1. For a quick check: with amide H placed at 1.01 Å from N, whose amide H comes under 5 Å from Thr32's, ignoring anything fewer than 5 positions away on the same chain?
2. Give, in whole angstrom and from largest to smallest, the semi-axes √(5λ) of the equivalent ellipsoid of the stretch 37-85, with λ running over the eigenvalues of the Cα gyration tensor.
3. Can you tell which of Ile78, Ile103, Ile197 shows the greatest fluctuation in a Gaussian network model of the chain with Cα springs below 10 Å?
4. Using a Gaussian network for the chain with springs between C-alpha atoms less than 10 Å apart, which of these wobbles most: Ala39, Ala50, Ala166?
5. Can you give the local net charge around Gly153? Use residues other than it whose beta-carbon is closer than 13 angstrom to its beta-carbon, Lys and Arg +1, Asp and Glu -1.
6. If you keep only loop residues by DSSP, which chymotrypsin sites (Phe, Trp or Tyr not before Pro) in the stretch 114-203 have at most 10 other Cβ atoms within 10 Å of their Cβ?
7. At most 11 other Cβ atoms within 10 Å and a DSSP loop assignment: could you name the chymotrypsin sites (Phe, Trp or Tyr not before Pro) in the stretch 189-241 that fit?
8. Among all the aspartates and glutamates, which ones have a C-alpha under 14 Å from Lys23's C-alpha, if same-chain residues fewer than 8 places away are not counted?
Amino acid sequence: MARTAIVTGGSRGIGAAIAKALKAAGANVAATYGGNDEAAAAFTSATGIATYKWSVADYDACKEGVAEVEADLGPVDILVNNAGITRDAPFHKMSPEQWHQVIDTNLTGVFNMTHNVWLGMRERKFGRVITISSVNGQKGQFAQANYAASKAGDIGFTKALAQEGARAGITVNVVAPGYINTDMMSTIPENVMKEVILPQIPVGRLGEAEEIARCVAFLASDDAGFVTGSTLSANGGQYLS
């Protein structure tokens, strides 16, 4: 029987690549999104992957959304916590709202989603929880105190939860991407890309969303059953941990 997977933030960018990779691996995939109805509809039309709209920052919405997915596709075996936002500002200019928006989505959202699939995974003695962190959660980044804190928190959450899930057949891991060739990166001026960003990356290029998706597909597979509590860094050598 095919496994059921939820990929949050799964209709665009890295999330879309992950959703497609898991489908190619044989999973029944649900991709969630927070607001762009047009992009979600286009993604479903192109891939056949069902999309569901809710905010991962809202616990009750996550509970209801997971129940809807399970009614449609079956019990959730694989959760990919990919949804994330940025609200960048130097710390002396960062507002409490900017702080809470990022923490609520990137860190509390991981709790909200994982908490609503955890009991079922424990009962069935199988689960894969994979959270997308960031190189900036490992090394920090100017004007991203909120984002770096949330992504570092995702790593700590994973290390703790892995110890709880191990005996129940649940693995809990992180993929920490570096700079990836997505729509967000395409807004960066060419001179900044060539003179500032690429020189930081020893392999000399941006990563591709499909490369992150392959990392996730491995961690979601039966072959990765002995890997838990780990952070898989995919950053082209930008930061070595």
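Values quoted throughout were computed directly from the atomic coordinates according to the rules given, and no laboratory measurement underlies them. All figures in this text were calculated on a predicted structure; none of them were measured in a lab. Neighbour counts are summed over all protein chains in view; Cβ atoms, including those assigned to glycine, are modelled from backbone coordinates with ideal geometry.
1. Amide H neighbours of Thr32: Val7, Thr8, Gly9, Gly10, Tyr52.
2. Values: eigenvalues 67, 45, 22 Å².
Calculated on Cα positions only, the semi-axes equal 18, 15, 11 Å.
3. Ile197
4. Of Ala39, Ala50, Ala166, the Gaussian network model singles out Ala39 as fluctuating most.
5. Details: positive: Lys151, Lys159; negative: Asp104, Asp154.
Within the 13 Å Cβ shell, the charges total 0.
6. Working: sites: Trp118, Phe126, Phe142, Tyr147, Phe157, Tyr179; in loops: Phe126, Phe142, Tyr179.
Sites meeting the loop and neighbour criteria: Phe142.
7. Those that pass, being in a loop and sparsely packed, are Phe226.
8. Asp77, Glu210
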